[in-house]
Amino acid sequence: MAVINILSPHVADMIAAGEVVERPGSVVKELLENALDAGARNVTVELSGGGTTFIRVTDDGCGMAADDAGNCFLRHATSKLHDERGLEAIETMGFRGEALAAIAAVSRVELLTRRAGDGEGTYVSVTGGEIQDMRAAGCPKGTTFTVRDIFYNTPARLKFMKSDRAEGSWCVQQAARVALGRPDVSVRCVKDGKEEFFTPGDGRAESAMYAILGRAAALSMLPAEGENEGVTVSGFISSPAAGRGSRAMQFFFVNGRTIRSQSLQAALEQAYKNTLMVGRFPACALYVTLSPGAVDVNVHPTKNEVKFSSEKRVFDAVYYSALSALQGERGTLEMDLSRSTEKKLAPAGYGKLAGDKGDAGEQTAMDLRTPAPAYGAASVPAVHVPRPAGIRPRQSGPAFTPSKAYRPRPQPVQPGPAADPAPANTAQPRAEKPAPRTESVSEPAPLRLVGELLRTYIVAEQADRVLLIDKHAAHERMIFDRLKARDRQIMSQTLLTPQTWRPGPEALETLTTNGPLLEELGFALESYGDEDVIVRAVPDAMDPGQTVAALEEICEKLKTGAGDLARDSVLQTVACKAAIKAGWDTDRAELLALAEKVAAGEIRYCPHGRPVCVTLTKKELDRQFGRIK
Ligand code: ADP
Ligand code: MG
């Protein structure tokens, strides 16, 4: 007896719906993307009951004719794709003709739509995929979709929904991602009657970022731009000191589409190597633009992933853009002693995105306005260090030498309302202007060593600013860079009295596996009996008194790392054990030498990513003492 049964279109729709509509947030994303495809300039997203109960998306786009308003809920009904050739270069957000069919299959939908030229519009209501009512209706130009009771007919899926709070903030996050991708469209998002964010739609990424991420996060971002073989990158990345506890604030867009990409994420993070603390992540809003033919968006029904015809080209473009932005950053942090002013300036409204615990995400709501502590909060408790708008990173560090194929774009503008309105919107073609050659080869202002505070911080003065430098962190970085220079042979020092050490079986195994690396880096180790090791030599920079402590730390790190990362982590330990320590007496000449390197921008972050220098300007001091307002 035949056992194969052809499923009814309704069941097929329900199955397909499961892929497209995972959660109410997916409905928000699909409806918002449809509005963008319809050429809307203004879109409003409203939701309540975590989105499960109610989602309404209203746009002022092209609207639909009456026939289309009935047909748009059919599966594979789309105005965006006509034949298979179209699949090769997709320029719209949608193209699969699945979203509305999927949404309608699992909820109650109402549609109200009118085209600009039509005298009247159309009203359609659909429940569980069946059209219930359709008639002419008066309405403004554009389209409104109202979606109620998502998953009312699929109780199995409903069971998986999280709390209204969690689903609601996921909806807002989805809307935020789409809105950030298109700074040229104004998006308002209202949850439970409260405005969550409102982007002005002025075409500037910084405006959208400010509206969505909040002031503090937006101001800690550095502009990043670059181009590599037809792949253009523009946008913003966080300064290393503003690393976050998760990747929730990494936003990547490809041709205006919000996507997730491990390779872009890796490219970004690679650029921060050795400047960001382990366990901290950069934030970004990076817009990648390339020919639609060079990217395949038809990878998954949710269209969240893409495939590039040349992964490497895109990887390099992102990596070098981020790297040159970081190289251009001065790396000293300006102290802002006035936290209260900061609070007053922060706009009310949206400041929360769901924290990212893996993208499918359980969320903990987190306030993006509160800058995440970039390093152990205990180390610099009272100092709040945003990068104020309008302060341009000075380019005094060693110049970045781009790879041959890579061409840096003109020096971009800083975020901030006073900045030149350079269009950050990827949708608009950008005029290639030559970079203004402003650098004059003037001597830097002389540096005066004032002294040392608490045997920990070097105090120096240069022009109208005071530099406070963490002497251990600065020295550690200096040694690390020296050790890391590949062409430099690491010198070894023979210990006057060889040290015997019993590392324990696990560490012994690690030492044996990494023998060649340790030898290359200046250690001479010999096994002694079954359990002991004799240490005969250590890297010359290192304090021999720290031999065992250093080796214990190194074994711990080598348990997990390999390759270049392992090498770096060993060097970090050596540098740390070689550097002068807080609490030690250090002579003035040494303090001055360090301060000079820091002032020249040669040393910016310690190898663990902590900043080495905080500056205090005369203006800030004058303000604190009431000399100026
Ligand atoms: P896709 O976006 O992949 O084409 P959808 O199911 O999302 O598929 O939408 C089906 C069609 O309905 C679209 O191709 C478009 O013609 C029409 N449509 C959907 N939303 C809107 C809207 N907000 N304004 C105008 N037309 C719309
Ligand atoms: Mg669509």
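The values are calculated or read from the model by the stated rules, or taken from the named source; none is laboratory data. As the structure is a prediction and not an experimental result, all values here were calculated from the model. Note: ideal-geometry Cβ built from the backbone for every residue, glycine included; neighbour counts use all protein chains shown. These area figures cover heavy atoms from the full protein model, side chains too; ligands, DNA and RNA do not enter into them. Shrake-Rupley method; radii C 1.70, N 1.55, O 1.52, S 1.80 Å.
Below, the figures for the structure above:
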quantity: Calculated P(r) tail over 24 Å for segment 131-257, as whole % of Cα pairs; calculated: 46
quantity: Three-way shape label, segment 546-613, alpha-carbon gyration tensor, a/c 1.5; calculated: oblate
quantity: Qualifying GluC sites (Glu not before Pro) for segment 72-167 [loop in DSSP, other Cβ within 10 Å: at most 16]; calculated: E91, E120
quantity: DSSP-loop trypsin sites (Lys or Arg not before Pro) across segment 531-562, with at most 14 other Cβ within 10 angstrom; calculated: K559
quantity: Assigned charges on the beta-carbon of Lys, Arg, Asp, Glu; segment 214-332 dipole about Cα centre (debye); calculated: 400
quantity: Spatially proximal aspartates and glutamates relative to K619 (Cα-Cα < 16 Å; intrachain offsets below 8 disregarded); calculated: E334, D336, E461, D464
quantity: Rounded percent of accessible protein surface that carbon and sulfur make up, segment 447-615, 1.4 Å probe; calculated: 52
quantity: Heavy-atom surface of segment 447-615, accessible at 1.4 Å and reported per residue (Å²); calculated: 48
quantity: Highest to lowest packing among 310-316, 135-141, scored as the average C-beta count within 10 Å; calculated: 310-316, 135-141
quantity: Carbon and sulfur %, accessible surface of segment 214-332 computed with the full protein complex present, 1.4 Å; calculated: 47
quantity: Pairwise FRET efficiency - R41 versus R455, Cβ, R0 = 41 Å, nearest 0.05; calculated: 0.10
quantity: Nearest-0.05 FRET efficiency for E120 and H300, computed from C-beta distance (R0 45 Å); calculated: 0.70
quantity: For D543, residues with placed amide H under 5 Å, excluding near neighbours; calculated: A578
quantity: Sites S79 and K273 - FRET efficiency at Förster radius 30 Å, r taken between beta-carbons, to 0.05; calculated: 0.05
quantity: Rounded if a/c under 1.5, otherwise prolate or oblate - segment 86-205, Cα gyration tensor axes; calculated: rounded
quantity: Out-of-range pairs (alpha-carbon distance over 32 Å; input K307/K557; K471/K559; K29/K307); calculated: K307/K557
quantity: Reduced Cα scattering model of segment 447-615, Debye log10 I(q)/I(0), q = 0.08, 0.15 Å⁻¹; calculated: -0.28, -0.83
quantity: Phi to ³J(HN,Hα) by Karplus 6.51 cos²θ - 1.76 cosθ + 1.60 over segment 196-204, Hz, x for Gly, Pro; calculated: 8, 7, 8, 8, x, x, 8, x, 9
quantity: Loop-located chymotrypsin sites (Phe, Trp or Tyr not before Pro) in segment 139-187, at most 12 other Cβ atoms within 10 Å (DSSP); calculated: F160
quantity: Table column - 3J(HN,Hα) (Hz), segment 147-159, Karplus curve with 6.51, -1.76, 1.60, x for Gly and Pro; calculated: 10, 10, 6, 4, 6, 4, 9, 10, x, 4, 6, 4, 4
quantity: Extension gain, S48 back to L7 (0.36 nm per residue minus Cα-Cα distance, nm); calculated: 11.3 nm
